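A short worksheet on the structure shown next.
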């Protein structure tokens, strides 16, 4: 925000009008230790009192890994230290891509949120949901409602839940809540909760656990249990907690 304050003070000294248009706008942000933590470019910026409206923006967030941002429009509130991105928001981090139509980024806390529909493309799967909250410092993301996953490689056909879904990138785990449903060519799995574990090195899914009121429906049987664990590599399914098998026959 240091660069923005310098620009704002300069405009006041020069006796500029309340609004000023700048082409090829460039802004640098620094943390409390004086380290550069973000950089932003815009084709055009309209300067208001402590507010900036930008068009065709790109931005880099600097940290352990650089995050790249693109959007058609952005609004910067200097007092609240908030950047609102709008229209065709595109955020890339390593091998992840987030697409949405609006996103609020709290610069000071380095947190982001939206109530819009979002799409997250990961190497192993794609997630769609409505609403998101992300803590960029702690590498945690919460997808709020109507969550669905589709897999690029054969694990299951799709997984859905009412939400939320929590992704902890530090600990390589994702947790889905409320009416979890797995659809597959071999049947369906229903549960209250599901945990998805990733390999720390390859980031591929290695294990899936369904928890609470587990129901596995196949063409000729229905299985009930408190817990079901599926090992992706060995294709082994383990049932725990009073498992029961109901055979369905034509007779």
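Tabulated data
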item: The range 31-47, residues that are in a strand (DSSP E or B) and either within 22 Å of residue 137 (Cβ to Cβ) or modelled with pLDDT under 85 (or both); result: 36, 37, 38, 39, 40
item: Among the residues listed as 146, 170, the single one being part of a strand (DSSP E or B) and without any contact (Cβ under 8 Å) to a residue 60 or more places away in the chain; result: 146
item: Among (1) under 30 Å from residue 35 (Cα atoms); (2) in a strand (DSSP E or B); (3) in contact (Cβ under 8 Å) with a residue 24 or more places away in the chain - the single one residue 176 does not satisfy; result: (1)
item: Candidate set: the range 64-96, residues that are on the phi < 0 side of the Ramachandran plot and touching a residue at least 60 places away in the same chain (Cβ under 8 Å); chosen: the one surrounded by the most Cβ atoms within 10 Å (Cβ to Cβ); result: 76
item: Among residues of the range 198-226, those that are surrounded by fewer than 18 Cβ atoms within 10 Å (Cβ to Cβ) and in a strand (DSSP E or B), counted; result: 10
item: Residue in the range 105-127 that is farthest from the chain's Cα centre (by Cα), counting only those that are more than 16 Å from residue 166 (Cβ to Cβ), modelled with pLDDT under 95 and assigned to a strand (DSSP E or B); result: 106
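Okay, residues lined up against (1) over 18 Å from residue 131 (Cα atoms); (2) at pLDDT below 95; (3) outside any loop (DSSP other than H, G, I, E, B); (4) not assigned by TED's automatic domain parsing to the domain that holds residue 116:
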position	(1), (2), (3), (4)
60	yes, yes, yes, yes
63	yes, yes, no, yes
68	yes, yes, yes, yes
72	yes, no, yes, yes
75	yes, yes, yes, yes
89	no, no, yes, yes
97	no, yes, yes, yes
101	no, no, yes, yes
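The values are calculated or read from the model by the stated rules, or taken from the named source; none is laboratory data. Fair warning: this is a prediction, and the values are worked out from it, not measured in the lab. Ideal geometry is used to build each Cβ from the backbone, glycine not excepted, and the neighbour counts take in all protein chains shown.
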